[in-house]
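Data block below; observations after.
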């Protein structure tokens, strides 16, 4: 039986958003190419893992939230996407060497992949929740202040 509820309500001062559980991520550690640390972006050192979600989420846009198995009240991270499957299978779920580099790399992809790796490595599962809309990311980040969203946004 899953440790995660099927739905999580994220509340702001004015509104409640019901996020649906999409998946409990199942990361598998991967070996990475050794690169001179000075060539890596700030999150490019690793370690990293590989994971994916069901392709039925292709071309579905909205807001996603990551929670660990210790708390369904405080998200680890909130983001938005125009293609949930691509974001979690290709962008976050698989980190090629090019994503790790300072020049042209994808530090957020590395950061989120490493976050999922670390949570799992420390014995906490990570679940992906989703709300099909794309105008609430900044409201939720400002209100809930997930510890892995570096910037605080306001609209």
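Odds and ends about this structure:
- GNM top mover of 110, 49, 16 - the chain, alpha-carbon springs below 10 Å: 16
- In this simple spin-label approximation, residue 3 and residue 147 carry label points 7 Å from Cα along the Cα→Cβ vector, and these lie 1.5 nm apart.
- Residue among 35, 78, 136 with the largest mean-square fluctuation in a Gaussian network model of the chain, springs linking Cα atoms under 10 Å: 35
- Note on residue 24 and residue 97: with the Förster distance fixed at 22 Å, the Cβ-Cβ geometry gives a FRET efficiency of about 0.20.
- Label-to-label distance, nm, for residues given as residue 36 and residue 56 (7 Å Cα→Cβ offset): 4.9 nm
- Rounded if a/c under 1.5, otherwise prolate or oblate - segment 72-130, Cα gyration tensor axes: oblate
- Convex hull volume of the Cα atoms of segment 1-112, normalised per residue: 129 Å³.
Each reported figure results from applying straightforward, stated rules to the coordinates on display, with no laboratory input. Note that the structure is a prediction, hence the values are computed from the model and not measured. Cβ coordinates were reconstructed from backbone atoms using ideal geometry, including for glycine residues, and neighbour counts include every protein chain displayed.
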